[in-house]
Amino acid sequence: PDDHPGSRALFERALKVMPGGNSRHTVYFPPYPVYAAKGEGARVTDVDGVSRLDFINNYSSLIHGHCHPEVTAAITRQAATLQAVSLPTEAEIELAELLCARLPSVEQIRFANSGTEGVMMAIKAARGFTGRRLIAKVEGAYHGSDDTAAVSTYPHPSKWSDPDEGRGVSEPGSGPGAAADVIILQMNDVEGGRRLIKRHGAELAAVLVDPLVKNLGYRPASPAFLEMLREETRAAGALLIFDEVYSLRLGYGGAQEVLGVRADLTALGKIIGGGLPVGAVGGSAEIMTAVFDPRGGKAKVSHGGTYNANPLTMAAGAVSMRLFDRAAFDRLSGLGDRLRKGLAEAASAAGATARVTGAASIVGLFHMSGSGETFRDMAKARMENPEAGRKAEHFFRHMLDNGVLMGAPGFFVLSTALTEADIDHVINEAHVAFSTLRKAAA
Ligand code: PMP
């Protein structure tokens, strides 16, 4: 289709200088993605002048939508004062204070530039603190691009080992040793996980867990699974790392506050930077100090980074987190509830098999019914329901052509810039999309 000539021309130009025209695999969709030109509040306008409601919000980072006036003012002020410097600044103390006050288990924090780095530094900190090698993680859980964190993130049905052995698969491009340092748990398998942690306890540095895994259809980690992880890591002398890069959206104080589980270390990113590049690792003062305090010689784990705690990100982050107070959090969660309810009603009105998942400002929509708990269950369900992928594509296209930018696999991530009327627009379009799907199937 040539309904986006400007985007098509840019894609063709990009193909000459970037493989697949791309620096970020998630932003591609066939035949070519639309190119963004301008963002304003809840809306993004493409280069062909089409304006859409943004329901991806840069994979979560834009908690207040595009160019919130107070965030823009903070960035502009900072840009005119100090952009980068090889000295510490007050701006980083301010954001650190805000986050330490907000997250019960985070007493001290250090900043980096991406969630990938936040997770990577949490893993290094756990290894440095315990002097141990192994990291346990959930199969299929995405934690960024670090070799260790990336083990067994994507489906490898031909290489799947016995889940009781917990052996992982290094991702292509990772060092072949990566998988040897990782124990793979199955999501919400309490007794299987307990056995693996007990078996490897003496060598285990940490368990890394995201309480709401996107690749698992936003199916939450069960309270029993998280309690088991807390109990067994403590018994083994290993650390519990929460990846709250995404799940910080689940509660004012993150998923930890909602779930009542206290992590030893927490990886952060996305919304804490006010839309600018950011990552962080935080945790108890005991662990953070033991590992990262450089006073009195060399820190146990070295942590540098030319752009760590850069003043622009710190300024944008502080304003954004202040604006995202409990009232803003509650209002946004209400919009999420409205969307989940509306999508479920639209599916049932059309007699469609769909599952609406997520919590707070994160909403998942999957075109099949229950698909089990684990990554393997989901991969199997996907293979058995090839039409689910086609439905998702139809749904995404319908939304794209009717003023809504949603995540192609089937998700919506909300911003405080959205209104109830915006949510209702999506729900109305969902009714249309589901009914055209039904007619196509008839
Ligand atoms: N962990 C989780 C749970 C994430 O969702 C992401 C990014 N989608 C990351 C880590 C990596 O963050 P970044 O893209 O900033 O490196």
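Taking Cα pairs under 8 Å and at least six residues apart, what relative contact order does region 178-261 come out at, in percent? Kindly include the intermediate steps, with their values, before the conclusion.
Details: 93 pairs, mean separation 25.6, N = 84.
Over region 178-261, the number comes to 30 percent.
How large is Rg/Rh for the chain, to two decimals, with Cα atoms and a Kirkwood Rh?
Details: Rg = 21.8 Å, Rh = 22.7 Å.
That ratio equals 0.96.
Kirkwood Rh, region 69-323, all Cα pairs: how many Å?
Over region 69-323, the inverse of the mean reciprocal pair distance is 18.4 Å.
Under 5 Å between amide hydrogens, which residues at least 5 positions from T416 or on another chain qualify, with H placed 1.01 Å from N in the peptide plane?
H64, G65
Taking only protein heavy atoms and a 1.4 Å probe, what accessible area per residue, in Å², does region 84-220 have with all protein chains in place?
I get 40 Å² per residue for region 84-220.
Could you tell me how far the Cα centroid of region 73-109 sits from the Cα centroid of region 183-227, in Å?
33
In percent, how large is the relative contact order of the chain, given Cα pairs closer than 8 Å and 6 or more residues apart?
Relative contact order for the chain comes out at 20 percent.
In region 198-253, what chymotrypsin sites (Phe, Trp or Tyr not before Pro) fall in a loop by DSSP, with at most 16 other Cβ atoms inside 10 Å?
none
Tell me, how many Å apart are the Cα centres for region 1-63 and for region 277-299?
Using only Cα atoms to place each centre, the spacing works out to 38 Å.
Averaging over all projection directions, find the projected area of the Cα convex hull of region 83-204 and quote it in nm² with one decimal place.
Average projection, Cα convex hull of region 83-204: 9.9 nm².
How do 83-92, 382-391 rank on mean C-beta neighbours within 10 Å, highest first?
Taking the mean over residues of other Cβ atoms within 10 Å, the ranking is 382-391, 83-92.
The values are calculated or read from the model by the stated rules, or taken from the named source; none is laboratory data. Predicted model only: the values in this text are computed from it and were never measured. Counting neighbours? That spans all protein chains shown, and the Cβs are built from the backbone with ideal geometry, glycine included. Areas reflect the complete protein model, heavy atoms only, side chains present, ligands, DNA and RNA absent. Shrake-Rupley method; radii C 1.70, N 1.55, O 1.52, S 1.80 Å.
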